[in-house]
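First comes the structure, then the notes that go with it.
Throughout, read-outs are computed from the coordinates displayed, never taken from laboratory work. This structure is a prediction, so every number in the text was calculated from the model and none was measured. Methodologically, a virtual Cβ is constructed for each residue, glycine included, from the backbone with ideal geometry; neighbour enumeration extends over all protein chains shown.
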Amino acid sequence: MQKIGGNIDAKLQQRTVTQNTIGEPIETWTDAITIHGWIDEQSGNKTNALSTWLADCTHVFVMDYVELPSGLKPENCRLICNGKRYEVLDIDNPMELNYQLEISLKYLGWQ
């Protein structure tokens, strides 16, 4: 079976939130895994979205399947690629074939 390969590395980061001494939230991002694949801009019609998160999807990162760290949830992740930050909207293993992963992203700006 031919592999997807890729031309770019990205870091999938996980967020943890703690509180300081007066109860304010402190957000910390740590690298969970470095991944290799392709990133592409989406060009869908935002008015014909299947769900709210799909309307916000600006990019997709496609890569060969790898086992992700346990406990990694899209709602607590972001992707850093070429100095740009992306919110992770969904991580899909199409048809559960363990062949590829597709990470739906929302562009947030430069790091």
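Taking K and R as +1 and D and E as -1, what net charge do the other residues with C-beta under 13 Å from the C-beta of Leu89 add up to?
Its environment carries a net charge of -3.
With an 8 Å Cα cut-off and a minimum separation of 6 or more residues, compute the relative contact order for the chain in percent.
26 percent
Long-range amide H contacts for Lys84: which residues qualify at under 5 Å (H placed 1.01 Å from N, peptide plane, sequence gap of 5 or more or a different chain)?
Under 5 Å from the amide H of Lys84 lie the amide H atoms of Gln111, each far enough along the sequence or on another chain.
What is the calculated FRET efficiency for Asp31 to Tyr99, with r their C-beta to C-beta distance and R₀ = 25 Å, to the nearest 0.05?
0.50
Only helical DSSP H runs with n ≥ 4 go in: add -39500 (n - 2.57) per run for the chain, normalise by residue count and round the 222 nm mean residue ellipticity to 500 deg cm²/dmol.
It lands at -1000 deg cm²/dmol.
Find the centroid of the Cα atoms in segment 55-111 and in segment 9-26, then give the distance between the two in whole Å.
Cα centres, segment 55-111 to segment 9-26: 18 Å.
Cα convex hull of the chain: how many Å³ per residue?
132 Å³
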